[in-house]
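Note sheet for the following structure.
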Amino acid sequence: MLKYSKVVGLAVFVFLFAMCNQKSKNEAESETILKGSLDITVDETIKPIVEDMVAVFEGTYYEAKIAIKPKSEAELINDLLNQKAKVVVTTRELTTEEKARFEKSKINPRVTPFATDAIAFVTNKGNNDTLVALKTVIDFLQGKSDSGIRGLVFDNPNSSTVRYMKDLAKVKELPSKNVFSFKTNDEVIKFVSENDGMIGVVGVNWLYQPSPNMLDIIKKINVMSVKGLNGDGYYNPTQNDLGEKKYPLARDLFIINCQGYTGLGMGFASFISGDIGQRIVLKSGLLPVRMPGRNLKIRSQIIKDKE
């Protein structure tokens, strides 16, 4: 009887394994680099640029459908490591420990850089001081009372902006006093526009590509110029200052593909890192990884219109 049970159990396991493999095989066969459906988990601080990319991609390849799932960086990385997300767009590369997790699972993530973004400090229009030294912000994050900052406003405790600033200040936790957190970058911008003296910390992509309901609110804030830890100049999160590597809060953007087969994730990664995708990045106000080329037609003479 025991032997019979083992045989039945083995048969059930083989059946279920075969069904799972068949499902994965069918998914791979029904999806190519230019058709099929795909969920992409996106760092919410860079959602606008990805929305633009998806709109153009789907408008070019009609059989491709991509659903965007915005999440905080901590949630995004957790989903990727637990294989709940196969393709993600993030503001950092994988750490050594995270890569080791994938190696154990025999997964080789494809990491493609496609743009340079920035973290911006914003303040109320009523604040005449639009200059801030990065050291001043770091002093505040380290709990030094004489930093001169009234308060910092973040989007989400688990966001990439919080992680970035904590790493920069070399602190494990944010100060409990005069630090405010919301859920989205839009909420941060709105709060700063209504409260004098506060400094909001947001992804610059939300400032360059605001949603229609945020257009009037954006007009009520100033983007601050930032002085880095080395040097005396103050710089802005513009394409020019990012390109010249002068703005101190720049960060690269990546698409990480863990599908494990030649699917829509690979096609989308190629698209956003290619000529059309890089032109979208350029138009968005961010800095492309590679500058799109321009073709100039030079004529030896000007032909006048016939009268």
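Here are the numbers for this structure:
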read-out: Top-ranked residue in the range 186-217 [being small (G, A, S) and under 14 Å from K125 (Cα atoms); ranked as surrounded by the most Cβ atoms within 10 Å (Cβ to Cβ)]; value: G200
read-out: Qualifying residue in the range 225-238 (condition: assigned to a helix (DSSP H, G or I) and at pLDDT 95 or above); value: no
read-out: Top-ranked residue in the range 40-75 [being outside any helix (DSSP H, G or I) and without any contact (Cβ under 8 Å) to a residue 40 or more places away in the chain; ranked as nearest to D155 (Cα to Cα)]; value: K71
read-out: Which listed residue is open to solvent by 40 Å² or more (accessible area, probe 1.4 Å) and in contact (Cβ under 8 Å) with a residue 24 or more places away in the chain, from V137, V111; value: V111
read-out: Checklist (1) within 19 Å of D167 (Cα to Cα); (2) in contact (Cβ under 8 Å) with a residue 12 or more places away in the chain applied to I221, failing item; value: (1)
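Per-residue answers, yes or no, for (1) over 24 Å from D117 (Cα atoms); (2) open to solvent by less than 20 Å² (accessible area, probe 1.4 Å):
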site: K47; (1), (2): no, no
site: K65; (1), (2): yes, no
site: A74; (1), (2): no, no
site: A85; (1), (2): no, yes
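The values are calculated or read from the model by the stated rules, or taken from the named source; none is laboratory data. Model, not experiment: these values are computed from the prediction. Positions of Cβ are generated from backbone atoms using ideal geometry, with glycine treated the same way; all protein chains shown enter the neighbour counts. Note: areas computed on protein heavy atoms with side chains; ligands, DNA, RNA excluded. Shrake-Rupley method; radii C 1.70, N 1.55, O 1.52, S 1.80 Å.
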